[in-house]
Structure formats: C-alpha cells, structure tokens
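Everything on this sheet refers to the single structure shown next.
Just so it is clear, none of the values below were taken in a lab; they were calculated from the coordinates. Worth saying up front: this structure is predicted, and the values here are computed from it rather than measured. With ideal geometry, Cβ positions are generated from the backbone for all residues, glycine too; neighbour counts draw on all protein chains shown.
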Amino acid sequence: MILAAGLGTRLKALTQDKPKALVELNGKPLLQHCIENLIANGFYHIVINVHHFGEQIIDFINQHQFDAVIQISDERDLLLDTGGGIVKATPLFKDSKAVLVHNVDIISNVNLGEMSQQFLNSRDDAWLLTQDRETNRKLLFDDENQLVGWMNKSEEKFKWVHNESALRCFDFAQQPRAQGPSLKEMAFSGLHFFRNDLFAEFEVKPQSVIDLYLNLAKTNRIISKPIQPDYWFDLGKPEQLQAAENYLNNLVK
C-alpha cells in the first residue's frame, strides 16, 4: 500500500495545484518512483489511498501502464490519517498474506522483496523498519525489539503500550534512570510490514498508525527491524527533494 493521501503541507509551494504524490523528482512523480520500485522488488498488487487532489492521482494511474494490479482506496470525502487509511483499505488485502506500507514521500534502496520474504517466514505480526538517526520523534523498543512506546523529545511527550511508571526509564537529558529496563530509541522509516488482517478490528476513522501499533503491541508482536540502506530520503520538504536529486544524479555520473 502506498500512502498518498496527505496534504503535503511541508511542500506547500509545490502542492497548491497537485498532490504530493505527483511532485516530481528528477522529472518523474514521486508516485511513479514508488510504484516502479515496488514492482522491481516483486510487488504486483498495489493499493493507493487518495484525498488531496485525489482525482489527479486516479487520472495518472489510468493514463499509465504499470505491470501491476493497482487499486484506489478513496478518502476524498474524509482524510483518515495513516492509521485510518490502512484500516479502510484492509478489505483490499484479503488475498495477500502480508502487506508492505510505503509512504509516497520516501525513496530508498531498501531490499523490500527480500525483507518481505523474511517477514513471511517470521512469527511476527508486524515489522516497523527503523533507523538509528536523529529526529525528535522516536519509537521505543525493549531488548527483544518489541514496541513499548513512542516519544516526542521536543514536546517532552510519551505514549506507552503498557504502564508508564514501569517503563519510563530515562529523561530528556538522555540520562538513564535508576529503575526500569533500558529502551532502544529508533526512528521510523515510513516503511512497515504486517499480516493482512492485523487492522481488521479497528474502526474506520481518522487515526495515526503509530497509535494503532501501540494498541496492537499489547497483545501482538510489533517488532523493530533496523535498516541501513545506501540511501533513504524523506521528501517532505523542498530541501530534502533537492538533496535526493543531487544524490541520485551523482549515482549515475
């Protein structure tokens, strides 16, 4: 599933007349980069959710021949956020053993085909592909790489899977507390795998997928899988788009 329904507010100058998914990188829309990369990794059934200028995305898909079955999950009446969008699209996953979710504004050379097979061979319910990089928002995992919480350092906010007092084991100065287990702080990559019916019991409404994973982690194996690709870019801002263009242009020189 490609998450392509967002408003693209961080790219406001570029998204006043088009969705973020159709903003171009080296002359090609982000959505096309994403679709072609998924097909190259062996994914031939793709669901795309739409909201902001959704008709433009639908027209784009209809005007191009991709070697994949592509379905639209239509959120033009109500933007459902990352979690609600996945819940709404769940019936479209019924013929799949597992699902990869890929933010449309992420570009990388992660071997998604290989990771998909590894996930299918695991006994986990979801893999959150993570990185050890600087960001204010971090996912928190225990020593077994199980999701236990989330934090926003800049706002000094935490969300926990279980009892906060049992898990809060560090402060914002990065000093471990005397009590409690140590936790791994990892950045979310915008890529994740899950079993096809994992979100089936949730209500279709606007909600964050991170909040849903925190709920699911009470009874399911929601696991961190660190990645170290040659390149990974979050293309949410104009300067990040430019950095990705420069990097990719240097690759072909």
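With equal scatterers on the alpha carbons only and no solvent term, can you work out the Debye log10 of I(q)/I(0) for the chain at 0.12, 0.14 1/Å?
-0.73, -0.99
Using 0.36 nm per residue, how much length does the chain from Ala68 to Lys94 gain when fully extended, once their Cα-Cα distance is taken away?
7.7 nm
With 29 Å as the limit, write out which pairs from Lys18/Lys157; Lys28/Lys97; Lys20/Lys138 have Cα-Cα distances beyond it, or answer none.
Listed pairs above 29 Å: Lys18/Lys157; Lys28/Lys97.
Kindly put Ser154, Ser189 in sequence by how many other C-beta atoms sit within 10 Å of each C-beta, fewest to most.
Placing the least packed residue first, the sequence is Ser154, Ser189.
Calculated FRET efficiency, Thr9 and Ile39, Cβ-Cβ r, R0 35 Å, to nearest 0.05?
Step by step, r from the Cβ atoms, then E = 0.75.
Sort Thr90, Thr135, Thr9 so that the residue with the fewest other Cβ atoms within 10 Å of its own Cβ comes first and the one with the most comes last.
Going from least to most buried by this count: Thr9, Thr135, Thr90.
Report the antiparallel proportion of the DSSP beta bridges in the chain as a percent, rounded to a multiple of 5.
Beta bridges within the chain, antiparallel portion: roughly 65 percent.
Run the numbers for Asn249 and Asn215: contour at 0.36 nm per residue of separation, minus the present Cα-Cα distance, in nm.
Full extension from Asn249 to Asn215 adds 8.1 nm.
Could you give me the ³J(HN,Hα) list for the range 4-12, computed from phi with Karplus coefficients 6.51, -1.76, 1.60 and θ = phi - 60°, whole Hz, x at Gly and Pro?
Each residue of the range 4-12 in turn: 10, 8, x, 7, x, 5, 6, 10, 3 Hz.
Based on alpha-carbon centroids, what's the gap between the range 30-74 and the range 97-119 in Å, whole number please?
15
What's the exposure ranking of Thr15, Thr82, Thr219, going from fewest to most Cβ atoms within 10 Å?
Thr219, Thr15, Thr82
What list of ³J(HN,Hα) couplings, whole Hz, do you get for the range 87-100 from phi and the Karplus terms 6.51, -1.76, 1.60, once you set θ to phi - 60° and write x for glycine and proline?
4, 4, 7, 3, x, 6, 9, 4, 8, 10, 6, 8, 10, 9
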